[in-house]
Structures are given as C-alpha cells and as structure tokens.
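Encoded as structure tokens, the structure appears first; notes follow it.
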There are 2 protein chains.
Amino acid sequence: MRIGEAAKATGLEATAIRFYEKQGVLPGPGRTDSGYRDYTQADVDLLRFVRRARSLEIPLDDVREIVGLRINDQAPCDVVRKVMAREMAAIESRINELEGLRDELARLQMKADEVGDDWPGGACVCPIVEADDFASPKTTAAG
Amino acid sequence: MRIGEAAKATGLEATAIRFYEKQGVLPGPGRTDSGYRDYTQADVDLLRFVRRARSLEIPLDDVREIVGLRINDQAPCDVVRKVMAREMAAIESRINELEGLRDELARLQMKADEVGDDWPGGACVCPIVEADDFASPKTTAAG
DNA sequence: GTTGACCTTCGAGTTACTCTAAGGTTTAAG
DNA sequence: CTTAAACCTTAGAGTAACTCGAAGGTCAAC
C-alpha cells in the first residue's frame, strides 16, 4: 500500500512517516516502479507501534532504539521497561512542576482582581506579575 | 553594569539576555566605549520581569508584547490578564493530558510485570506497549 | 488529454534557548 | 610592560519533533 493508505491505517500523517524514515527510526519500505513508497502489513505494524509509543510521549531516540531491536529480532523488553520508568518519572516531575505553576498563576489572578486597574506608577513593569517574593536583591548593599 | 552582573542580579544567563535582545523582547541597552552592553537599574527591572514571566512559562511572544507596552508607558494589565488566563488554561489542559499518560504508563508497567519476559513471537513489535485497545483496525474487512 | 488527487525531494520554520568558534577588552599579577 | 584569566563581542549551528511550502512527477477518471 502507498503512504497515504498506511497513514490512514495507523493514524500517523504521511509527512510524519517520511520524517521517521529520514530520522532512521523506521527502515525504508519497498518502492513501486515509479518510486512511491510501498508498505507491507509488517511495516504498518511497526508504524502503529511508533504511533503508540509517541502517543505516550516516549522520545523518538528511544523509539528508534526499540524499533532497532525488533528489526534484529531481539526482545526489547528490558529497554522498554527502562524507558517506561524514565518516562513515568519525567511525567510525574512535569506534573508537579505544572501544578506549582497553576497555583502560582491562580494566586496572581486573585491578586489581579484585587489590584483592579490601579497603577502604582512607573516604578514597576507590571504590578500583577511582579511577585512580592521576587523583590530586587540588594546588589549594592553594604557588605 | 555589564551583562554578567545583570545576569547575576536577575538570575538569567547572559546568553539568554542577549537572546531576548536579539528577539526584540528587550531594548538594546547602552554600550560602553569598547562596545560592551551597559545596563541601568531600569534595564535590570525589566530583565527581572522577563525572568519572572518566563518562569511562569508565559510564551516569549506574550512577554515581548507586555514589555513593549511598558516601554511605551502603557499599563499592560489587560494583556497580562488575558495572557494569564490563556496560560492557566494551557497548563490545566497539559496537566490533564499528562495525568492520562501517567495512568496509561502505570497500566502498562503492571502489564509488563505480568508478562515477564514471555515473548509472544514475531507477530508483534512489543507485547508491553502494544495496547489491547490499539488493535489493528480491519482496513480490508468486507464492507 | 487534462484535471485532481496523490506522490517525490529538499529546505526552511517552529520554541526558547544553548553551544561553539573566533576574536576583542579589562583587570590583576609579576 | 607583558601576560594570563576572566570577561565581553558576533555569527551561526544544534536541540525535539515535526509541519509547511515549493517545484515537480504519477496515476485514475472522464
């Protein structure tokens, strides 16, 4: 099948499939006489795996490694477990980070409601975003 | 003060400060006779605001807009409120997304524990990541 | 035989920087 | 006065994972 059909069968975009091939994540498929990419069912299975892995936001470098193992008929289980553990840690860390930002933004929005459009003058850039706890450190203080 | 001192005073890296200037987020500061950037306290205040906004992951385009208003002595309150609302929505959306991924990964890790290193053969790329609910849609089924 | 949908390649654009290279300036020490 | 460290300058490439555009070849239908 041609790339468009493979794209529909996997939910990937044709441009993304070409990109993965160019990046060495996927082996180049066969070609028709006229030079069109020609995908087999095995190719589509691989594409589908890549889509699934990327939907889990597993980095392309890791996907490449896992796909490489499978192409050499090796079980990628160890690598997969390691990658999943790393990914899990990264995601939890990022969730914590974003929750911190969310809380901080919520605080600033409350502050914005209080401030209204009162303007403290040219002494600051923005009375809403400039945090109380972000005051100018005394760079030239006696010390 | 020179860029290194401004960097220390704001917590930004000197390279990042140059980058912001190049991107038009910040006005170019004065220069010494020998061509070194020379920052005033007002410059540092602006830098500090940028750092704060970026620590909230507000996109640089928005920071540029807000800084532009301040440079023209206009209150950026409306824009700031709008940007914060958008940022808040983006962050909450991303948190939800990541929580979904986290749950999915947790499920796959449990599956990996069950599977052990049993290998179902060459029929699939990876028995752990290939989801049950991600089975091959019947692209050539009678219809 | 020509329209339209599909395919090809290459290169540039996205976000927000970071890094490297190749060089000029300042400051302190000897 | 010279030298070395630490600072500064610029331009350009690299990062992640694609997406988009340009310029053109191919295939199916009418």
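The values are calculated or read from the model by the stated rules, or taken from the named source; none is laboratory data. Remember, it's a predicted structure, so these values are computed and weren't measured experimentally. Because the Cβ atoms are built from the backbone with ideal geometry, glycine has one as well, and the counts that use them run over all protein chains shown. With ligands, DNA and RNA removed, areas are computed over all heavy atoms of the protein, side chains included. Shrake-Rupley method; radii C 1.70, N 1.55, O 1.52, S 1.80 Å.
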Per residue of the range B:10-18, what does 6.51 cos²θ - 1.76 cosθ + 1.60 with θ = phi - 60° give for ³J(HN,Hα)? Whole Hz please, x for Gly and Pro, Karplus curve as stated. 10, x, 8, 8, 4, 5, 5, 4, 4
First compute the accessible area of the range B:3-112 with a 1.4 Å probe, then give the percent of it belonging to carbon and sulfur atoms. 49
Per-peptide average of other Cβ atoms within 10 Å, ordering B:71-78, B:56-63 highest first: B:56-63, B:71-78
I'd like to know which of B:S55, B:M88, B:T40 lies farthest towards the positive end of the charge dipole of the range B:38-88, counting +1 on Cβ of Lys and Arg and -1 on Cβ of Asp and Glu. B:M88
Axis proximity, chain B to A: residue whose C-beta lies nearest, plus whole-Å distance: B:I95, 3
With x for Gly and Pro, the residue-by-residue ³J(HN,Hα) of the range B:100-105, computed from phi through the Karplus equation 6.51 cos²θ - 1.76 cosθ + 1.60 at θ = phi - 60° and given in whole Hz, is x, 4, 4, 5, 5, 5
Please report the spacing between the Cα centers of the range B:34-55 and the range A:65-104 in Å, no decimals. 37
Cα-based equivalent ellipsoid of the range A:1-55: semi-axis lengths in Å, sorted from largest, via gyration tensor: 17, 12, 10
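I need the chymotrypsin sites (Phe, Trp or Tyr not before Pro) found in the range A:3-43, filtered to DSSP loop residues with at most 16 other beta carbons within 10 Å of theirs.
Working: sites: A:F19, A:Y20, A:Y36, A:Y39; in loops: A:Y36, A:Y39.
Sparse-neighbourhood loop chymotrypsin sites (Phe, Trp or Tyr not before Pro): A:Y36.
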Distance in nm between B:M110 and B:I71 label points, each 7 Å along Cα→Cβ, equals 5.5
What residues qualify as long-range amide H neighbours of B:D38, i.e. H under 5 Å apart, gap of 5 or more or another chain, H built at 1.01 Å from N? B:G30, B:R31, B:T32
For the range B:1-95, max minus min Cα coordinate along each principal axis, in Å, sorted largest first? 49, 29, 19
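Using only protein heavy atoms and a 1.4 angstrom probe, determine the accessible area buried between A and B, summed over both sides, in Å² to the nearest 100. Could the numbers behind the result be given before it?
On the way: alone 10490 and 10480 Å², together 15820 Å².
Counting protein atoms only, the buried area is about 5100 Å².
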How big is the range A:66-118 by Rg and Dmax over its Cα atoms, in Å? 21.5, 68
